[in-house]
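Below is one structure, written out as structure tokens; comments come after it.
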Amino acid sequence: MYSSGLFLLIFITCQMPGSQSQECVSRQEVQSTLRHVHKLLSAHETSFLQSVRSLRKKLDLLHNNTIKHGSNINAGKNSTPICLPPNPPANGRMLGQVFKVGHEVHFLCNPGFQLSGPETRECLDSLRWSGEEPTCQRIDAGAHNNPTTSIPTSTSPSSPPSVSVRPSRCIEFQDSMHCTCEQGYSISRQDRSLCTDIDECELFRMTQAGRLCLHMCMNTAGSYYCQCPTGYSISKDNRGCQDIDECETAAHNCTKDQVCVNTFGGHRCMVVECPRFRNASYIKTSPLQCERNPCVQGNKACLKAPLSISFHFMSVVSNMSTPRVLFRVSAARVLGDALRFGLLGSRGAGHFTLQRSSRQSGELLLVEPVQGPATLEAEVEMSELERRTLLGRYVTKVTLFVSPYSF
């Protein structure tokens, strides 16, 4: 439209009378001028349209913000009532930005100060905060020496105490708020500005089979650690438990006359004494063995007494799978033509059995699982015969210590 008007104006000007010195421009010059004018007008039109679009976006944004602000005001009037924001303690701070009924805020003190009063306050239906207003009191350097002062030993002026609630890190992206937490924390369901500690011990127990720790899981702020019972040390993976051998490390209280026996989670100090038989006497030939003195000729009661009595102590875990071979009795050499194995008395009845493993050996088996802690005893007898005549008896007294744990 603009180019045609301009062409008409130039054409008319060319034909005006009285312009003796003016010459008409050529057709090519007119077309070149029109193209230049067209480009100029197009550039102006594009710039104008961009300005209009930018202005329209700003107007829309202002309109939306006005609507949001109005809806927030209406929502505040019509939704859950809110409490007045509580005052953070001096030398401390408050965590939480939601003050609706049923929501909580948390209080922390700066390093060198200790919180006095509730750590958490809740907005009640009465639109008042629960509990008293907390304060932060300076920690006295000499307070640890005062027995009447109650200060956690893990708290020091140089490092703030671990807490289960921390502020989240939030950024605004594409008209929405995105909040993240440190490792070991998750966004609070009540207030996205807060991060609450993840109880790994409870989470693992609820979502996966087995246990996070072999014995006991202790939750901490942002993490956890495993604990072992007395008599055990934590393994290299920080999850398992290893028995401490008090006998090997000399961490026992046994006397020289006692035998130190390591058990799972502890130890026993055992006194080994030679038994007494009628018309027979014994002498201790080693810490765990007694041998019979020679019998008087013709003393049949002495000849029936065991030639030797050995003592054997064993430690096992609770509820160990069965059947399980515990102990093997063997003859170094056989003088007679037969060996016979058996259990003496009623000790260990229902828990043990004896089976022949070869011509010269027998095995003591645990046939029933045992729930610890428990102590079981059994006496294994090996008899040597010659044409069914007893040549000698050998007795092994086995004592089994069952741990209260399954590890």
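Values quoted throughout were computed directly from the atomic coordinates according to the rules given, and no laboratory measurement underlies them. Note that the structure is a prediction, hence the values are computed from the model and not measured. We place every Cβ from the backbone using ideal geometry, glycine too, and count neighbours over all the protein chains shown.
Each label was represented as a point 7 Å from its Cα along the Cα-to-Cβ direction; for Arg189 and Ile283 these points are 7.9 nm apart.
Neighbours of Ser223 by Cβ distance under 15 Å: Lys/Arg scored +1, Asp/Glu scored -1, total -3.
For Lys284, a cut-off of 18 angstrom between C-alpha atoms picks up these aspartates and glutamates, skipping any fewer than 8 places away in its own chain: Asp257, Glu273. Modelled spin-label separation between Ser357 and Asp199, with each label point placed 7 Å from Cα along the Cα-to-Cβ direction: 4.9 nm. Label zone of Gln258 (point 7 Å out along Cα→Cβ, amide N under 20 Å): in region 308-343 this covers 311-316. Estimate the FRET efficiency between Cys269 and Gln137 by the formula 1/(1 + (r/R0)^6), using the beta-carbon distance for r and 56 Å for R0, to the nearest 0.05. Using R0 = 56 Å, I get an efficiency of 0.65. Extending 7 Å from Cα along the Cβ direction at Asp337 and again at Asn238 yields two label points whose distance is 7.0 nm. Between Glu248 and Lys58, full extension at 0.36 nm per residue minus the direct alpha carbon distance yields a gain of 60.3 nm.
Our coupling estimate for region 362-367, obtained by passing each phi through the Karplus curve with A = 6.51, B = -1.76, C = 1.60 and θ = phi - 60°, is x, 10, 8, 10, 8, 9 Hz, Gly and Pro reported as x.
The charge dipole of region 270-407, taken about its Cα centre with unit charges on the Cβ atoms of Lys, Arg (+1), Asp and Glu (-1) only, comes to about 440 debye.
Taking Lys and Arg as +1 and Asp and Glu as -1, the other residues whose beta-carbon sits under 14 Å from that of Leu365 total +1. Each of Asn293, Ser358, Ala374 was placed along the dipole of region 259-402 (beta-carbon charges, centred on the mean Cα), and the one lying farthest toward the positive end is Asn293.
Residues whose amide H comes within less than 5 Å of that of Tyr185, counting only those at least five positions distant or on another chain, are Ile198 (H built at 1.01 Å from N in the peptide plane). Amide H contacts under 5 Å for His103: Cys123, restricted to partners 5 or more places along the chain or on a different chain, H placed in the peptide plane at 1.01 Å from N. Taking 0.36 nm per residue of separation and subtracting the current Cα-Cα distance, fully stretching the chain between Thr389 and Val37 would add 113.0 nm. Close amide H partners of Gly392, meaning residues 5 or more places away or on another chain with modelled amide H under 5 Å apart, are Glu384. A cut-off under 15 angstrom between Cβ atoms defines the neighbours of Arg211, and their net charge, with Lys, Arg +1 and Asp, Glu -1, is -2.
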